[in-house]
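Written below as structure tokens is the structure these notes are about.
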Amino acid sequence: MRILFVTSEAFPLIKTGGLADVSGSLPAALQNIDVDVRILVPGYPAVLNKLINPRFLTTISNLPNVGAVNLVLGEMPETKVPVIAIESAGLYQRDGGPYVDATGKDWEDNPTRFGILSLVAAILSDDKSPLSDWVPDITHCNDWQTGLTPAFMHFMSARRTQMKQAKSVLSIHNLAFQGCYGPEWVGRLGLPAESYQINGVEYYGQLSFLKAGIFYADGLSTVSPSYAKEIQTEAYGFGMQGLLTSRGKEINGILNGLDTDEWNPATDPYLVEHYDANNLDGKKAVKAALQSNLGLKVEAKTPLLGVVSRLTHQKGLDMLLSSAETLINQHDCQLVVLGSGDKNMEQGYRDLAKRFPKQISVTIGYNEELSHQIMAGCDIFIMPSRFEPCGLNQMYGLRYGTPPVVNNTGGLADSVQDTNEINFKNNTATGFVMQNAEPKALISAIERALGYYQDEKAWKIIQENGMRQNLDWTKSASAYLAMYQGLLEK
Ligand code: ADP
Ligand code: GLC
């Protein structure tokens, strides 16, 4: 089976969040079960620099707003999964992030940048493709940036008879980002005028990339079973619950797996010492190094709470900001935060660290190395998200013996087992689940965690329960394969 995996970011080429982790590791897991998969990604400077053995593949001409782009074929650094990068000086060769400029503002030409990514994916999806020796069976799109692909594919096949075309799948990693632009973009991107209607790409007076994908894709999935249900409700549907409910039975909820080589406390190159579920001793040295590097008091027994996150409303870290002082004053604990996002929240955390320099360390920015050190060096990982399609950090926490405190939602609810009496007795307790997204509930869940932390033996059991879980892609990659097969048999 051939899969074209279309994405706007893929680790280790380019990453802003969990989508990159999934786009790096799911295709590799599919390759391990003999799926012939290629990743299609924009050729940002980092992508073209890191691609192994890049070679010119073909040119695609007559594209709206850009004319021609080149396709470059290379491989992923470790996994050797083939990658097709779209090379376009005008669209992708610039400093700044994949979506925003250096000041954090969305690139104005994002509709063209991701419209072209979507269109190129569609062009590669049938037997008229310039790569006619490699036509996919499934074109697997991810999030709004690739949402127009199923729409383009739909209209291409409507124009031609007797064509062999891939089936399209859209995976929703986050419904909050919908790629909405003015209706003028319908024509500018070469979509037919008739696509602009309720039964099409129109969404509250705009063109929505994500809605287009949800409407036209042959298959739909999202990244956890709970989120698959939640997005069909008003509270979590971000306005798309009606459409999602109409396709409800078709939405596959498949929990993300982890790249267990990249995230492995027994081999992690960023750690001063290594450890595993059989011997956690090395974790103490990692904690001491983290405390010392960040200017915190180096104290083995003081519980160290950790955060690595986008600082946005979704992640609920405003609740931690407003609770941190209470926690620090009432409990002898420390806090390490790494993240960026909302400017007010960034400032709030900076101010907090200034007031408690020996207890709180805040790093604003993106730092791969520090993120691993926090996962390993902290005692408790904090992730009180208001909604969380899947979430990877809580699972990294489980794997690194850093039990997570999470809200009861989406993938957090699906991956963390609360430490209550029954779960503890059954050796299934892996973390601490808040009952709702409120500061009080967060404080109380953290206090429960701190209570268990004082009992060394009990704490070790919770750590080991998490560390012994199989969090790799094996099960979920098979679930994707089953979904692909189901679509091809339809
Ligand atoms: P989301 O994709 O919604 O941000 P996930 O938990 O799925 O959330 O994935 C976030 C990923 O991004 C994780 O791999 C996490 O380690 C990483 N990450 C988030 N913020 C930072 C940061 N400031 N520095 C380094 N890595 C980060
Ligand atoms: C999104 C979601 C996150 C998920 C990630 C990868 O960024 O916010 O919950 O883990 O995608 O699927």
> From the set of residues in the stretch 300-318 that are away from ligand 2 (no atom under 16 Å from the Cβ) and touching a Lys or Arg at 6+ places or on another chain (Cβ under 9 Å), which is nearest to E438 (Cα to Cα)?
Replying inline: L304
>> I need the full set of residues from the stretch 20-45 which are closer than 16 Å to R113 by Cβ and within 13 Å of ligand 2 (Cβ to nearest atom), in order please.
In response: none
> Of all residues in the stretch 275-288, how many are within 19 Å of C333 (Cβ to Cβ) and either in contact with a strand residue (DSSP E or B) (Cβ under 9 Å, 6 or more places away or on another chain) or open to solvent by less than 30 Å² (accessible area, probe 1.4 Å) (or both)?
Replying inline: 3
>> When the residues of the stretch 124-165 are narrowed to those that are surrounded by fewer than 24 Cβ atoms within 10 Å (Cβ to Cβ) and touching a Lys or Arg at 6+ places or on another chain (Cβ under 6 Å), which ends up modelled with the highest pLDDT?
In response: D137
> If you check every pair at least six apart or on different chains, which have Cβ atoms under 7 Å apart with a residue in the stretch 290-308 that is at negative phi first and a residue that is surrounded by fewer than 13 Cβ atoms within 10 Å (Cβ to Cβ) and hydroxyl-bearing (S, T, Y) second?
Replying inline: V298/S292
>> Every residue in the stretch 229-268 that is among the aliphatic types (A, V, I, L, M) and open to solvent by less than 10 Å² (accessible area, probe 1.4 Å), please.
In response: I231, M240, L244, L258
> Among (1) open to solvent by less than 10 Å² (accessible area, probe 1.4 Å); (2) under 15 Å from the mean Cα position of the chain (by Cα), where does P12 come up short?
Replying inline: (1)
>> Quick check on this structure: which one of A458, A449 is closer than 19 Å to V308 by Cα, open to solvent by less than 30 Å² (accessible area, probe 1.4 Å) and either outside any loop (DSSP other than H, G, I, E, B) or among the basic types (K, R) (or both)?
In response: A449
> Quick one: in the stretch 180-206, which of the residues that are in contact with a strand residue (DSSP E or B) (Cβ under 6 Å, 6 or more places away or on another chain) and touching a residue at least 40 places away in the same chain (Cβ under 8 Å) is farthest from D106 (Cα to Cα)?
Replying inline: V201
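Here's the yes/no breakdown for (1) within 13 Å of ligand 1 (Cβ to nearest atom); (2) at positive phi:
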| residue | (1), (2) |
| --- | --- |
| E346 | yes, no |
| A353 | no, no |
| L370 | yes, no |
| E388 | yes, no |
| M395 | yes, no |
| T419 | no, no |
| I422 | no, no |
| N427 | no, yes |
> When you look at V362, is it open to solvent by less than 40 Å² (accessible area, probe 1.4 Å), under 20 Å from G451 (Cα atoms) and touching a residue at least 24 places away in the same chain (Cβ under 8 Å), yes or no?
Replying inline: no
> For residues in the stretch 38-53 being assigned to a loop (DSSP other than H, G, I, E, B) and under 20 Å from V100 (Cα atoms), which is nearest to ligand 1 (Cβ to nearest atom)?
Replying inline: Y44
> Looking at the stretch 16-37, which of the residues that are touching a residue at least 12 places away in the same chain (Cβ under 8 Å) and open to solvent by 40 Å² or more (accessible area, probe 1.4 Å) is nearest to ligand 1 (Cβ to nearest atom)?
Replying inline: T16
>> Looking at (1) open to solvent by less than 10 Å² (accessible area, probe 1.4 Å); (2) more than 8 Å from ligand 1 (Cβ to nearest atom); (3) assigned to a loop (DSSP other than H, G, I, E, B), which one does F381 not meet, given that it meets all the others?
In response: (3)
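The values are calculated or read from the model by the stated rules, or taken from the named source; none is laboratory data. Keep in mind it's a predicted model, so treat the numbers as computed, not measured. Positions of Cβ are generated from backbone atoms using ideal geometry, with glycine treated the same way; all protein chains shown enter the neighbour counts. All accessible areas refer to the heavy atoms of the entire protein, side chains included, with ligands and DNA or RNA removed. Shrake-Rupley method; radii C 1.70, N 1.55, O 1.52, S 1.80 Å.
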